[in-house]
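Q: Quick one: the structure is below, questions incoming.
Values in this text are rule-based calculations from the coordinates and carry no lab data. Just so it is clear, the model here is predicted, and its values are computed rather than measured. Every residue, glycine as well, gets a Cβ built from its backbone with ideal geometry; the counts of neighbours run over all protein chains shown.
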Amino acid sequence: MTWKPDKSRPICPQLVEQLCVRIGSGSLQPGQRLKSVRETALEVGVNPNTVQKAFEQLEAKGLLISLRGSGWYVSENTEAAREEMEHLLHEKARLFFEDMRSLGFTDTQIKDFVKEWNE
C-alpha cells in the first residue's frame, strides 16, 4: 500500500478511507487477500493496533471479511463498497465547500476555481 498518512489527522480514519476507495474503485478485488495487519502496519508506518482497528471498521461496513487463521479478504459485497466510496466522495466535497465558504468565497468563485483546476 503506497500511501503516506497525514500526521495532522487521526491515522485510523485515513486508513479506512484509503481502503474504501481502493475497494470501491476495484483496485482491490472481491475475494482478494490483504496483506497481514503487521505487514500493512510496517508498510504504512503505523501501529498494528491501528491497522487492526481499521480492518475491523471495514468489516463492520461489510467491505472486509476476516477468516480466522487465514487473514483479511475483500468482501464480495461490491455494492457496499461503491456506496461507501460515494459517501466518502460526498463528505469530502461537502467539507471542501464548507471550508471555502467559511473563507468568504462565493459558490461562483468556488465553481470557477474547481473548473480551472480540473482543466
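Q: Would you pick out the residues in the stretch 34-53 that are of a type outside the set (S, T, N, Q) and loosely packed, with under 13 Cβ neighbours inside 10 Å?
A: If the condition is that a residue be of a type outside the set (S, T, N, Q) and loosely packed, with under 13 Cβ neighbours inside 10 Å, then 38, 45 are the ones that fit.
Q: Could I ask something else about it? Being charged (D, E, K, R) and surrounded by fewer than 17 Cβ atoms within 10 Å (Cβ to Cβ) is the filter here, so list the residues in the stretch 54-83 that pass it.
A: Matches in the stretch 54-83: 56, 59, 68, 76, 79, 82, 83.
Q: A further question follows. I'd like to check something: does the stretch 70-81 contain any residue that is assigned to a helix (DSSP H, G or I), of a type in the set (Val, Ile, Thr) and under 19 Å from residue 25 (Cβ atoms)?
A: Yes, that holds for at least one residue.
Q: Here's something else I'd like to know. Residue 28: surrounded by 17 or more Cβ atoms within 10 Å (Cβ to Cβ) and not in a helix (DSSP H, G or I), yes or no?
A: For residue 28, the condition - surrounded by 17 or more Cβ atoms within 10 Å (Cβ to Cβ) and not in a helix (DSSP H, G or I) - is met.
Q: Moving on. Restricting attention to the stretch 3-46, which residues are of a type in the set (S, T, N, Q), free of Cβ contacts under 8 Å to residues at least 24 places away in the same chain and farther than 22 Å from residue 78 by Cβ?
A: Hits for the stretch 3-46 are 8, 14.
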